[in-house]
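Note sheet for the following structure.
The values are calculated or read from the model by the stated rules, or taken from the named source; none is laboratory data. The structure displayed is predicted, hence computed values, not measured ones. Cβ placement follows ideal geometry from the backbone for every residue including glycine, while neighbour counts extend to all protein chains displayed.
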Amino acid sequence: HHISIVSQEPVLFIGTIGENIATGKPGATQEEIEDAAKKANAHDFIMQFPDAYNTSVGDRGVQVSGGQKQRIAIARAIIRDPEILLLDEATSALDTESERIVQESLDQLLKLKRRTTIIVAHRLSTVRNADVIAVVDGGRVAEQGTHDELIAIPNGIYANLIARQMMH
């Protein structure tokens, strides 16, 4: 119960949206489930379904979009309230608007409580606000610091990545 993981392709189980969120905290109340969904920016889209939280997600979540699946997985992590949160490319499969919404929910999750959060990301916007950024190159940490410290390194790996991503 100390670690929660939100991966690039989160797994949803056969059952309802509410049941999928509650797997993070067995015995969770409906109020706790809805509170977690609100914090994950998921409540509004869930309420659009005719059966709301009782909507079946289908086999492996085929009834919901990628962005919706991510937000359900984030709600599951929020309801668990872990000491350590691992976000493994949690927004990489999303379009820009879905990424923005999911990123807001992740930022919200990080603000709720001081916790250790490890973010694995190729999109640098995902890590910009981190306390410490470690740039891994060739399997080792090549640079480490805040966003501002890293962009100040002349010809630095992080600075070059930022410059390249800003061009696209």
Could you tell me which of the residues V64, V6, V57 is touching a residue at least 40 places away in the same chain (Cβ under 8 Å), in contact with a Leu (Cβ under 7 Å, 6 or more places away or on another chain), more than 26 Å from I118 (Cα to Cα) and surrounded by 19 or more Cβ atoms within 10 Å (Cβ to Cβ)? V57
For the stretch 36-50, state whether one or more residues are in a helix (DSSP H, G or I) and in contact with a His (Cβ under 8 Å, 6 or more places away or on another chain). yes
Exactly one of (1) under 13 Å from the mean Cα position of the chain (by Cα); (2) more than 19 Å from P10 (Cα to Cα); (3) of a type outside the set (F, W, Y) is unmet by E104. Its number? (2)
Residue hits (the stretch 51-72; touching a strand residue (DSSP E or B) at 6+ places or on another chain (Cβ under 8 Å) and in a loop (DSSP other than H, G, I, E, B)) are D51, T55, V57, Q63
Residue among I46, I72, I118 that alone is within 26 Å of G15 (Cβ to Cβ) and either within 13 Å of the chain's Cα centre (by Cα) or in contact (Cβ under 8 Å) with a residue 40 or more places away in the chain (or both): I72
Among the residues of the stretch 16-30, are any within 17 Å of I101 (Cβ to Cβ), touching a residue at least 60 places away in the same chain (Cβ under 8 Å) and either among the hydrophobic types (A, V, I, L, M, F, W, C) or exposed (fewer than 13 other Cβ atoms within 10 Å of the Cβ) (or both)? no
Tell me, yes or no, whether the stretch 109-127 has at least one residue that is of a type outside the set (S, T, N, Q) and farther than 30 Å from E34 by Cβ. yes
Identify all residues within the stretch 54-72 that are modelled with pLDDT of 80 or more and closer than 22 Å to S4 by Cα; write none if there are none. V57, V64, S65, G66, G67, Q68, K69, Q70, R71, I72
Among the candidates G58, G66, single out the residue that is on the phi > 0 side of the Ramachandran plot and over 10 Å from the mean Cα position of the chain (by Cα). G58
